[in-house]
1. Here are F96, F55: which of them is surrounded by 15 or more Cβ atoms within 10 Å (Cβ to Cβ) and farther than 14 Å from I12 by Cα?
2. Please give the number of the condition F55 fails out of (1) within 17 Å of Y19 (Cβ to Cβ); (2) in a helix (DSSP H, G or I).
3. Collect the residues in the range 16-41 that are closer than 18 Å to L75 by Cα and among the hydrophobic types (A, V, I, L, M, F, W, C), keeping them in residue-number order.
4. Quick one: is I16 among the β-branched types (V, I, T) and open to solvent by less than 70 Å² (accessible area, probe 1.4 Å)?
5. Has the range 22-34 got at least one residue that is over 12 Å from the mean Cα position of the chain (by Cα), at pLDDT below 95 and part of a loop (DSSP other than H, G, I, E, B)?
6. Please specify each residue of the range 58-93 satisfying the condition of being in contact with a Lys or Arg (Cβ under 8 Å, 6 or more places away or on another chain) and farther than 24 Å from N13 by Cβ.
7. Those residues that are farther than 29 Å from T3 by Cα and open to solvent by less than 70 Å² (accessible area, probe 1.4 Å), I need them from the range 58-93; list them, please.
8. For the subset of the range 19-37 comprising residues that are charged (D, E, K, R) and surrounded by 14 or more Cβ atoms within 10 Å (Cβ to Cβ), which member is nearest to D70 (Cα to Cα)?
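The values are calculated or read from the model by the stated rules, or taken from the named source; none is laboratory data. Everything numeric in this text was worked out from a predicted model, so none of it was measured. Here Cβ is always computed from backbone atoms with ideal geometry, including for glycine, and neighbour counts include all displayed protein chains. Remember, those area values only see protein heavy atoms, side chains included, never the ligands or the DNA or RNA. Shrake-Rupley method; radii C 1.70, N 1.55, O 1.52, S 1.80 Å.
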Amino acid sequence: MLTIVSYVLSAINWIIWIYSIIMVIDAIMSWVPFLRDSAVGRFLNRIIDPYLNIFRKGPIQKLSYATGLDLSFLLGLLLLYFIQDYALNWLANILFRVLG
């Protein structure tokens, strides 16, 4: 049972890592108009934008309009890193204590 939990947590960790890499690629491609408008750029936007739209509401949206900087990417990436580094380790410790 512990190995299954370990594999699931490793898979989640791997998925978060891949998603964060895709986020960085999408951000870099957004700087170049012909890359952003390509088929790959549109595909990456369809994958990344629903997650980033969570952070594009409320005060962050007002700050983006005022400064011209979209901070949703930074907030989204920081949240993924927090989940990957702290929340998954915390969850793993709880599950290993309960199951072990």
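1. Numbers: F96 fails: surrounded by 15 or more Cβ atoms within 10 Å (Cβ to Cβ).
Among F96, F55, only F55 is surrounded by 15 or more Cβ atoms within 10 Å (Cβ to Cβ) and farther than 14 Å from I12 by Cα.
2. (2)
3. From the range 16-41, those closer than 18 Å to L75 by Cα are 16-28, 30; that's our starting set.
Of everything in the range 16-41, those that are closer than 18 Å to L75 by Cα and among the hydrophobic types (A, V, I, L, M, F, W, C) turn out to be I16, W17, I18, I21, I22, M23, V24, I25, A27, I28.
4. Values: among the β-branched types (V, I, T): yes; open to solvent by less than 70 Å² (accessible area, probe 1.4 Å): yes.
Criteria met by I16.
5. yes
6. If we filter the range 58-93 for residues that are in contact with a Lys or Arg (Cβ under 8 Å, 6 or more places away or on another chain), which is where we start, we get 64, 70, 72.
Result: S64, D70.
7. Those that are farther than 29 Å from T3 by Cα and open to solvent by less than 70 Å² (accessible area, probe 1.4 Å): G58, I60, S64, G68, L71, S72, F73, L75, G76.
8. The initial filter retains those residues of the range 19-37 that are charged (D, E, K, R), namely 26, 36-37.
From what is left, the residues that are surrounded by 14 or more Cβ atoms within 10 Å (Cβ to Cβ) are 26, 36.
Working: D26: 14, R36: 16 Å.
Among residues in the range 19-37 that are charged (D, E, K, R) and surrounded by 14 or more Cβ atoms within 10 Å (Cβ to Cβ), the one nearest to D70 (Cα to Cα) is D26.
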